[in-house]
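Data block below; observations after.
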Amino acid sequence: QVQLVESGGGLVQAGGSLRLSCAASGNIFSINTMYWYGWYRQTPGKQRELVAGITSRGVTNYADSVKGRFTISRDSAKNTVYLQMNTLKPEDTAVYYCKSQGPNDYWGQGTQVTVSS
C-alpha cells in the first residue's frame, strides 16, 4: 500500500555532512493518514535506535547523541522526509531506516552511512 525508499547515504569523513531522503509512494490516502515519521539507525550486533522523529504537525524530537547536529524535516508536497546530518562522527556509522506510523506502519529498506575517522 505504501512504500518508503531511503537515499543519500554514503561514505564521508568525520566532520562532514550528508542529507538522507525518505520518499513515500503508493496510495496517497494512506500516506496522508500517517501521523509520525522517524529515522532509526542500526549497527550489526546492536539494537535499532530512534534518531529523530517528526509528527504530522511538525513537532520534532531527537536522540541526545545527535541533538544540535541532525535536523529532521518534511516536504509534504513531495511526500518526503529528510534527515540533514552535520558534523558527522565515526559513531554515526550505521544503516539508517525511515519509518512511518499510522493505521499501518511501514519501514524503508535502509541506506548505509559510513563516517571515517
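Rounding to the nearest 20 debye, state how big the charge dipole of the stretch 48-117 is about its Cα centre with +1 on each Lys and Arg Cβ and -1 on each Asp and Glu Cβ.
For the stretch 48-117, the charge dipole is close to 180 debye.
Can you send over the carbon and sulfur percentage of the accessible area for the stretch 11-81, probe radius 1.4 Å, protein chains only?
C and S atoms contribute 49 percent here.
So, in nm, how far is label Ser117 from label Asn104 when the simple model puts each one 7 Å beyond its Cα toward the Cβ?
4.4
What is the distance, in nm, between label points placed 7 Å from the Cα along the Cα-to-Cβ direction at Ser17 and at Thr60?
The answer from the label model is 1.3 nm.
From a point 7 Å beyond the Cα of Val5 in the direction of its Cβ, which residues of the stretch 85-117 have a backbone N at a distance under 18 Å?
Zone members listed by number: 96-100, 106-112.
For the chain, what is the number of Lys pairs with C-alpha distance below 21 angstrom, counting only pairs 8 or more positions apart or on separate chains?
6
If you build the convex hull over the alpha carbons only and average its shadow over all orientations, what do you get for the stretch 45-99? Give it in nm² to one decimal.
On the way: hull surface 17.4 nm².
Projected area, direction-averaged: 4.3 nm².
I'd like the projected area of the chain, averaged over all directions, using the convex hull of its alpha carbons. Report it in nm² with one decimal.
Mean shadow area of the hull around the Cα atoms is 6.9 nm².
Highest first, please rank the peptides 24-34, 54-64 by the mean number of other Cβ atoms sitting within 10 Å of their residues.
Values: 24-34: 14.6, 54-64: 13.0.
So the peptides 24-34, 54-64, ranked by packing, come out 24-34, 54-64.
If you build a Gaussian network model of the chain, linking Cα atoms that sit under 10 Å apart, which residue out of Gly15, Gly45, Gly53 swings the most?
Of the options given, Gly45 has the highest mean-square fluctuation.
May I ask you to give the solvent-accessible area per residue for the chain, in square angstrom, as obtained with a 1.4 angstrom probe?
Ligands and nucleic acids excluded, the result is 53 Å² per residue.
Using a Förster distance of 30 Å, how high is the FRET efficiency between Lys78 and Gln42, based on the Cβ-Cβ distance and rounded to 0.05?
The formula returns an efficiency of 0.70 here.
In 5 Å bins starting at zero, report the fraction of Cα pairs in the stretch 30-75 per bin as a rounded %.
Taking all Cα pairs of the stretch 30-75, the binned fractions are 5, 21, 27, 21, 15, 8, 4 percent.
How large is the charge dipole for the chain, taken about the Cα centre, if only the Cβ atoms of Lys, Arg (+1) and Asp, Glu (-1) carry charge, to the nearest 20 debye? Could you put the intermediate results ahead of the total?
Numbers: 11 positive and 7 negative charges, 27 e Å.
Magnitude of the dipole: close to 120 debye.
The values are calculated or read from the model by the stated rules, or taken from the named source; none is laboratory data. Keep in mind it's a predicted model, so treat the numbers as computed, not measured. For neighbour counting, all protein chains shown are included, and Cβ atoms are generated from backbone atoms with ideal geometry for every residue, glycine included. When the accessible area is computed, the model is the full protein with side chains, heavy atoms only, and any ligands, DNA or RNA have been set aside. Shrake-Rupley method; radii C 1.70, N 1.55, O 1.52, S 1.80 Å.
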